[in-house]
């Protein structure tokens, strides 16, 4: 199986023309702030002065983690499958925001420890029926499982793109996956482990200290070299849902569509994808600051400046969904706002 992705850097030659178009709208130059930046960014990605958004998708990848048995979350592992059932009933935060903003939402079972049977609205893509193994005592997955998960994630992104999607966000569900993301973040950014391990679903101070000790135990068990490659890191500590997101990011960038980042877990996958192919970042709009520890280190490493800071830490792609109307506004301003000439409005004296 080939893990090669051909991602072209965005050509910025068109940026000057996009800036000129935005600056000639009926407003003081720069007065719409970052909405102008987003309009130019999407125009550059699409290589057009009149960008469009079509069939927006949110892919939600769900997977269980063997390390959850050690008590790294305040919630039992059964909450993973129960929340998937909530998605299928349309009752989760992700459902609410996807309906509100008109995003198609796909739920993908990457490895939930539950037999759902055939269900409308869910794709069975289990890599292993019980999720990953416990990375506190052994690698979370085999290298073959890691590669399979990455390629399946890429295939799901490509499927959405074939259906006309040109803007995509990724979300996740899996009790214990903040542990995986903290280890991935620590190893790929070099940030101290204590900065990368957060409260997840709401740990108190004592449980947070215990979680940090467990994460150090996992690192001590693996004994990875400083120059460990990203696939080795994902094999040791990843979740199937996280690895599928890595593949989806890479495939979306390869297809040249706009990608919306989310919080700490989705960004750990993006961080990993950027180490496989750095040009994936050319296609990403960072939507929000997560309140979860580790996101600041991720954003710093990626040189990112998110749009919103609302104290969100739910995951599920909800930060990207909440930010999506801003993306819509940016495209509308470049396409529908009158220019000084077309509106017959006098320009300012410069």
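Couple of notes before you dig in:
- Qualifying residues in the stretch 72-88 (those that are closer than 19 Å to residue 202 by Cα and touching a strand residue (DSSP E or B) at 6+ places or on another chain (Cβ under 7 Å)) - the one surrounded by the most Cβ atoms within 10 Å (Cβ to Cβ): 80
- Qualifying residue in the stretch 102-113 (condition: surrounded by 18 or more Cβ atoms within 10 Å (Cβ to Cβ), outside any strand (DSSP E or B) and more than 21 Å from the chain's Cα centre (by Cα)): yes
- When 47, 145 are screened for being modelled with pLDDT of 95 or more and not assigned by TED's automatic domain parsing to the domain that holds residue 246, only 47 passes.
- Restricting 29, 40 to those that are over 21 Å from residue 242 (Cβ atoms) and assigned to a helix (DSSP H, G or I) reduces the list to 40.
- Just one of the numbered conditions (1) free of Cβ contacts under 8 Å to residues at least 24 places away in the same chain; (2) part of a helix (DSSP H, G or I); (3) out of contact with any strand residue (DSSP E or B) (no Cβ under 9 Å at 6 or more places or on another chain) is not true of residue 91: (2).
- For residue 121: the one exception among (1) crowded, with 19+ Cβ neighbours inside 10 Å; (2) under 30 Å from residue 166 (Cα atoms); (3) in contact with a strand residue (DSSP E or B) (Cβ under 7 Å, 6 or more places away or on another chain): (1)
- Filtering the stretch 50-71 to residues that are surrounded by fewer than 21 Cβ atoms within 10 Å (Cβ to Cβ) and outside any loop (DSSP other than H, G, I, E, B) leaves 69, 70.
- Annotation note: of 280, 264, 284, the sole residue that is closer than 27 Å to residue 113 by Cβ, in contact with a strand residue (DSSP E or B) (Cβ under 9 Å, 6 or more places away or on another chain) and either surrounded by fewer than 24 Cβ atoms within 10 Å (Cβ to Cβ) or modelled with pLDDT of 95 or more (or both) is 264.
- Every listed requirement among (1) under 20 Å from the mean Cα position of the chain (by Cα); (2) part of a helix (DSSP H, G or I) is met by residue 171 save one, (2).
- Residue 9 passes every criterion in (1) over 30 Å from residue 154 (Cβ atoms); (2) loosely packed, with under 15 Cβ neighbours inside 10 Å apart from (1).
- Qualifying residue in the stretch 225-247 (condition: touching a residue at least 60 places away in the same chain (Cβ under 8 Å), more than 15 Å from the chain's Cα centre (by Cα) and either in a loop (DSSP other than H, G, I, E, B) or not assigned by TED's automatic domain parsing to the domain that holds residue 188 (or both)): no
The values are calculated or read from the model by the stated rules, or taken from the named source; none is laboratory data. Computed from a predicted structure; not experimentally measured. All Cβ positions, even for glycine, are placed from backbone atoms using ideal geometry, and neighbour counts span all protein chains on display.
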